[in-house]
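Q: I am attaching a structure below and will ask some questions about it afterwards.
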Amino acid sequence: MTAEIREAAAVLRAGGLVAFPTETVYGLGADATNARAVRRVYAVKGRPPDHPIIVHLASADDLDTYAVDVSAAARALAHACWPGPLTLVVRLREGTIASEVTGGRATVALRVPAHPVALALLEELGRGVAAPSANRFGRVSPTTAAHVRADLGDDVDLVLDGGPAAIGVESTIVDCSRLHPAILRLGGVDAATLDALVGEPVEQLTRGEVAAPGTLERHYSPAARVIVVEAGDVADRATSFLARGERVGLLAIMPPAGLPADLEILRAPGDADEYARVLYARLREADEHELDVVLAVAPPPDGIGAAVIDRLARSAAGGRLP
Ligand code: TXA
Ligand code: MG
């Protein structure tokens with residue numbers, strides 16, 4: 001791997017794009033100081049320029065290189081959670097990265113990923129790597145190198161393969177640039193853990209619950225329509241979609257008994273952690289199997305379950321109303 005890491009760092013230094021594994025999802029990386037390379041990331045993703053990008057760092061010691069006025073809460077969170085699935089939005093130390101990374105904002109999102117390949121790359125490069133998830137904008141995030149290649153093809157110069165992502169959903173984002181920290185996105189670190197580390201309840205500016213389809217921004221969407229259902233309703237809902245000639249799949253921890261024979265059961269996760277790990281792969285499989293509808297039964301809402309529920313709701317928001 002070392003030769004490959006050296007090559008990947010050289011590609012980044014030359015202004016190229018490198019996809020790399022993290023414990024959450026794969027990232028599409030560019031040297032954060034290279035404006036042209038960062039612009040290419042937006043172009044490849046098809047991402048609007050007002051969606052800023054996370055800067056990945058090799059160590060929590062780099063926090064003050066890129067940030068100013070770091071709050072005690074931000075320091076506590078970085079100390080406890082890095083390397084790990086937590087992104088902190090802090091005040092940017094001006095001039096340390098290309099302004100395209102933050103869309104000209106006064107804040108920057110920073111994270112130290114807990115993956116040996118990512119850390120080796122970041123150490124070898126010796127500066128921050130701006131990296132969104134390595135998928136086209138609005139689509140399902142990649143949790144394997146094969147997903148990245150399928151999505152981005154030749155638009156990425158090098159793909160580092162670090163195996164399937166251990167967590168499977170994106171990092172939790174906490175805005176620490178405000179007086180009181182607030183959760184912008186639920187992910188690999190749950191709300192109860194943040195409350196304990198900050199020493200007070202951390203406000204959630206995100207929805208942790210399943211909302212009505214259409215009320216959330218389209219995101220994390222496969223081509224199939226995702227519909228979040230209660231376990232007790234699966235049989236009835238499946239029957240009515242099947243009666244209309246639609247191809248229907250089910251994603252659930254414990255698929256209930258007595259389901260219609262034509263319902264395709266996507267390989268079931270055993271618990272919420274596994275649900276997070278396999279969610280995006282299963283949504284991709286739904287598309288490969290050309291399903292019209294995925295009925296999803298949410299996991300329990302604690303731990304990573306809340307992040308899975310959030311992603312299911314966003315996937316569902318992308319589809320048409322049932
Ligand atoms: O797990 C992850 O976070 C993955 C891996 C690759 O690190 N990355 C990821 O990046 O999910 P992306 O680009 O798909 O999502 C980054 C989110 C976006 O919603 C963006 O709006 C937010 O971070 N963000 C970035 N900079 C920000 C800032 N300065 N203020 C507020 N939000 C910011
Ligand atoms: Mg993304």
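Q: Can you give the net charge of the other residues whose Cβ lies under 9 Å from the Cβ of VAL248, counting K and R as +1 and D and E as -1?
A: That works out to -2.
Q: Excluding ligands, DNA and RNA, what is the solvent-accessible area per residue of the chain at a probe of 1.4 Å, expressed in Å²?
A: The answer is 41 Å² per residue.
Q: Next up: How do 76-86, 133-143 rank on mean C-beta neighbours within 10 Å, highest first?
A: 133-143, 76-86
Q: What are the ³J(HN,Hα) values, in whole Hz, obtained from phi via the Karplus relation 6.51 cos²θ - 1.76 cosθ + 1.60 with θ = phi - 60°, for each residue of the range 179-190 in sequence order, with x given for Gly and Pro?
A: Once θ is set to phi - 60°, the couplings for the range 179-190 become 4, 10, x, 9, 7, 9, 8, 7, x, x, 10, 8 Hz.
Q: How much of the DSSP bridge set in the range 79-190 is antiparallel, in percent, rounded to the nearest 5?
A: The antiparallel proportion sits near 65 percent.
Q: Compute the relative contact order of the chain as a whole-number percentage, counting only Cα pairs closer than 8 Å that sit 6 or more residues apart in sequence.
A: For the chain, the relative contact order is 20 percent.
Q: Pull up all non-local amide H partners of ALA114: gap of 5 or more, or a different chain, and H-to-H distance under 5 Å with H placed in the peptide plane.
A: Those lying under 5 Å, H to H, from ALA114 are GLU23, GLY84.
Q: Now, a different point. How far is it, in nm, from the label point at ILE265 to the one at LEU179 when both lie 7 Å from their Cα along the line to the Cβ?
A: Calculated label separation equals 5.4 nm.
Q: Also, quick follow-up: Could you run the Karplus curve 6.51 cos²θ - 1.76 cosθ + 1.60 with θ = phi - 60° over the range 291-303 and give me ³J(HN,Hα) per residue in whole Hz, x for Gly and Pro?
A: Those phi angles translate into 6, 8, 9, 10, 8, 10, 9, 5, x, x, x, 8, x Hz.
Q: In whole angstrom, how far apart do the alpha carbon centroids of the range 272-297 and the range 45-91 sit?
A: Taking the Cα centre of the range 45-91 as reference, the centre of the range 272-297 is 30 Å away.
Q: Can you pull the Kirkwood radius for the range 260-316, inverse mean 1/r over Cα pairs, to one decimal in Å?
A: 11.9 Å
Q: Taking the Cα-to-Cβ direction at HIS51 and at ARG93 and moving 7 Å from each Cα, how far apart do the two end points lie in nm?
A: Each label point lies 7 Å from its Cα, and together they span 2.9 nm.
Q: Given an 8 Å cut-off on Cα distances and at least 6 residues of separation, report the relative contact order of the range 68-163 as a percent.
A: For the range 68-163, the relative contact order is 20 percent.
Q: If you take the alpha carbon radius of gyration of the chain and divide it by 2.2 N^0.38 Å, what ratio comes out, to two decimals?
A: In units of the 2.2 N^0.38 Å rule of thumb, it is 1.00.
Q: How large is log10 of I(q)/I(0) for the range 126-166 at q = 0.17, 0.19, 0.22, 0.34 Å⁻¹ when the intensity is taken from the Debye formula with one equal scatterer per alpha-carbon?
A: -0.47, -0.58, -0.77, -1.30
Q: Something else now. Taking only C-alpha pairs under 8 Å that are 6+ residues apart, what is the relative contact order of the range 258-322 in percent?
A: 31 percent
Q: So how tilted is helix 305-317 from the main axis of the chain? Cα-based, degrees 0 to 90, rounded to 10.
A: Helix 305-317 sits at roughly 70 degrees to that axis.
The values are calculated or read from the model by the stated rules, or taken from the named source; none is laboratory data. None of the values given here were measured: they were computed from a predicted structure. Cβ atoms come from the backbone with ideal geometry, glycine included; neighbour counts cover every protein chain shown. Just so you know, the surface numbers come from the protein's heavy atoms only, side chains and all, with ligands and any DNA or RNA stripped out. Shrake-Rupley method; radii C 1.70, N 1.55, O 1.52, S 1.80 Å.
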